[in-house]
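First comes the structure, then the notes that go with it.
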Amino acid sequence: MGLDRPGGAAGERDVTGELIDAVAATLPARTPDDLTGLLRVTRRLPRSSGPLVVPVLDRLAHRAAELAQDVGDVAQRAETLSDLGAALVAEGEPDAAVTHLREAVRLWRELSAEDPDRYRPPLCTALNNLGMGYWAVGRHGDALTVQEEVVALCRAFPPGDAPWADAEHARALQNAGVSYTELGRTGEIEPAQRASLDLYRRLAAWDPVQYEPRLAAVLGNFEALTESGRPEDALPANVEAVAIRRRLAADRPEHLAELAWSLGQLGTTLEALGRYEEAGVVLVEALELQRRLAKENERGTRPDLAGALSALGALHSAVGRADEALRLEREALEIRRELAREHPEKHLHVLAHSLSNLGVTLARRGRYDEAVLLEEEAVAVRRGLARENPRSLKYLAQSLCNLGVRYADLGRFEEALEPTQEAVDMLRRLVREQPEKYRTGLAEALANLGATLLDLDRAAEALLPMREAVVMRRALVLENPDRHRPDLALALSNLASALSAVGDNVTALAHAREAVEMRRRLAADLPERYLAELERSRAVLARIDAAIRNPQAPR
């Protein structure tokens, strides 16, 4: 989490920062008694107390660590180094943080070896903090190693230590679930998050002020289920997280940012379930909150504002409201370009996301020349990211698919084939490792490959990927009809065209009729989104019907 304070333009006084410095400077820091006093202050001001408390605590962490190195005992040095490391992560200095956090863990290990029951609790806290430091520098495997160590240590606590142990245990499990996500170990994500959720429910019943925000946070991590193709399982957690954060924000406005975040997660899940109207209501509320927060802290909330703009823009684009989508997506792209110039390691991924989304929306408006340039840029960004992190391969494959379609939009069919085939090959490898997560993407890539081959008058070759895409999409429709029926209709219409092109009009007719009937129902619910597609399927059906009635006519 970044250290974001309200502030004005460059050159203006940072009044809040000056006040924080003044508060910190009033506390003495020269003797062992002063160190004890500093530690007492930091322990009595929980970080959840309010937005200005956090930077005060971070300043005090620096002062306490400096003093402890001069006059503190081993436990005080270890404790203050761990606090300092957490503060440095918040301040955007993760490399320095890891150095201090590793030293804190080393000192606690020494003490724990002498008296395990006494020093195991602070060792767990230090290990959890070190895991956060490793995250911040992208060392997700190292983070998971220390998180799993905490889980093992907490399971060894005697019953009398349960309340404290439960808190560190829940934190380690929650963080491990995110590490499993980063490392692609999808089968282990949900068990870790559910175990963490059970512990946080127990803790929140005992101390709601401290633990309800953490309960909402772990519920938010169930968004990974939506990303893995299981939005129906993510929905209850999203709904509960919004309810908790709405209640918290009603009493304490500092929870508004977390409420906006949870609303965004809920909107994304509803969209994945095909519940577009409900998703729109939720995402509009999330954007309104982010705009309000940005007025109070423009610099600190830009990434979240861009995310809310992007999410609502993508939804508008998907349901045929392209003009509204263009306005929102252009604003998101402008913010993300600026962020990526400042901190490319943090923001290039979302920049590529905005480039690709805007390209799709421009193509829906027929502005293909602009769309292809944006998607080419997105592919270039995502290739670079995929070289550093294999998790980016999914997004690279999506951009390659989109690029193939953009070339086809311009009639550049030969150029379309290479990126589309690359996307299929990439997604086949990913599906072998994690089928639930990647099969929707593979179905889309196969459908695009078939369409590209058909555009190249290679209809016989197009049949194989098209048939495979139809089979996969039928299975997906059985699981989630609202989300996948539009894609199945498209795949059926394209397959009908390919079958007709090779002379099998009788089989083609059945597929064409099914596509028309499916799109008729879709257009009845969302005419602005599906009427044009319905007319295209009707044209395919008419051509096939004519070919059957007059088989001698040239095709």
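The values are calculated or read from the model by the stated rules, or taken from the named source; none is laboratory data. Note that the coordinates shown come from a computational prediction; the quantities given were computed from them, not determined experimentally. Neighbour counts are summed over all protein chains in view; Cβ atoms, including those assigned to glycine, are modelled from backbone coordinates with ideal geometry.
Here A250 meets each of (1) within 27 Å of H140 (Cβ to Cβ); (2) among the hydrophobic types (A, V, I, L, M, F, W, C); (3) without any contact (Cβ under 8 Å) to a residue 24 or more places away in the chain with one exception, condition (1). Across the range 273-297, the qualifying residues are those that are in a helix (DSSP H, G or I) and in contact (Cβ under 8 Å) with a residue 60 or more places away in the chain, and the one among them that is surrounded by the most Cβ atoms within 10 Å (Cβ to Cβ) is Y276. Counting only helices (runs of 4 or more DSSP H) that sit wholly inside the range 332-430, those with at least 3 residues that are more than 20 Å from L446 (Cβ to Cβ) are 344-364, 368-388.
Counting the residues of the range 162-189 that are surrounded by fewer than 19 Cβ atoms within 10 Å (Cβ to Cβ), under 24 Å from the mean Cα position of the chain (by Cα) and without any contact (Cβ under 8 Å) to a residue 40 or more places away in the chain gives 3. Here the range 60-97 is the region considered, the condition is being among the β-branched types (V, I, T) and surrounded by fewer than 22 Cβ atoms within 10 Å (Cβ to Cβ), and the residue that is farthest from V146 (Cα to Cα) is V71. Consider the range 51-78 and keep the residues that are of a type in the set (A, V, I, L, M, F, W, C) and at pLDDT below 65. The one that is farthest from L123 (Cα to Cα) is L52. In summary, D142 fulfils each of the numbered conditions (1) farther than 24 Å from E240 by Cβ; (2) acidic (D, E); (3) touching a residue at least 24 places away in the same chain (Cβ under 8 Å) with the single exception of condition (3). If you check L197 against the conditions, is it within 15 Å of A126 (Cα to Cα) and either of a type in the set (V, I, T) or buried (at least 19 other Cβ atoms within 10 Å of the Cβ) (or both)? Answer is no for this residue. Taken over the range 497-510, the residue count meeting the criterion of being part of a helix (DSSP H, G or I), touching a residue at least 24 places away in the same chain (Cβ under 8 Å) and under 15 Å from M466 (Cα atoms) is 6. For the range 317-334, a residue qualifies if it is at pLDDT below 95 and surrounded by fewer than 24 Cβ atoms within 10 Å (Cβ to Cβ), and the qualifying residues are A318, V319, G320, R321, A322, D323, E324.
Report yes if some residue within the range 264-271 is of a type in the set (G, A, S), buried (at least 19 other Cβ atoms within 10 Å of the Cβ) and either touching a helix residue (DSSP H, G or I) at 6+ places or on another chain (Cβ under 9 Å) or not in a helix (DSSP H, G or I) (or both); otherwise report no. Looking for residues that are of a type in the set (G, A, S), buried (at least 19 other Cβ atoms within 10 Å of the Cβ) and either touching a helix residue (DSSP H, G or I) at 6+ places or on another chain (Cβ under 9 Å) or not in a helix (DSSP H, G or I) (or both), one finds at least one in the range 264-271, hence yes.
Just wondering, is there one or more residues in the range 111-126 that are in contact (Cβ under 8 Å) with a residue 24 or more places away in the chain, in contact with a helix residue (DSSP H, G or I) (Cβ under 8 Å, 6 or more places away or on another chain) and basic (K, R)? Yes, some residue in the range 111-126 is in contact (Cβ under 8 Å) with a residue 24 or more places away in the chain, in contact with a helix residue (DSSP H, G or I) (Cβ under 8 Å, 6 or more places away or on another chain) and basic (K, R).
Taking the listed residues A451, A491, A459, A445, the one that is within 29 Å of T181 (Cβ to Cβ) and not β-branched (V, I, T) is A445, with no other qualifying.
Checking the condition hydrophobic (A, V, I, L, M, F, W, C) and surrounded by 19 or more Cβ atoms within 10 Å (Cβ to Cβ), which residue from A515, A524 passes?
Residue meeting the stated conditions: A515.
Residues that are exposed (fewer than 15 other Cβ atoms within 10 Å of the Cβ), free of Cβ contacts under 8 Å to residues at least 40 places away in the same chain and either within 25 Å of N480 (Cα to Cα) or assigned by TED's automatic domain parsing to the domain that holds V477 (or both) within the range 410-466 comprise R428, R429, R432, P435, L464, listed in sequence order.
May I ask you to list the residues in the range 120-151 that are among the basic types (K, R) and over 19 Å from the mean Cα position of the chain (by Cα)?
Answer for the range 120-151, where residues must be among the basic types (K, R) and over 19 Å from the mean Cα position of the chain (by Cα): just R120.
Could you tell me which residue of the range 471-491 is farthest from V431 (Cα to Cα), considering only residues that are buried (at least 21 other Cβ atoms within 10 Å of the Cβ) and without any contact (Cβ under 8 Å) to a residue 40 or more places away in the chain? Result: L488.
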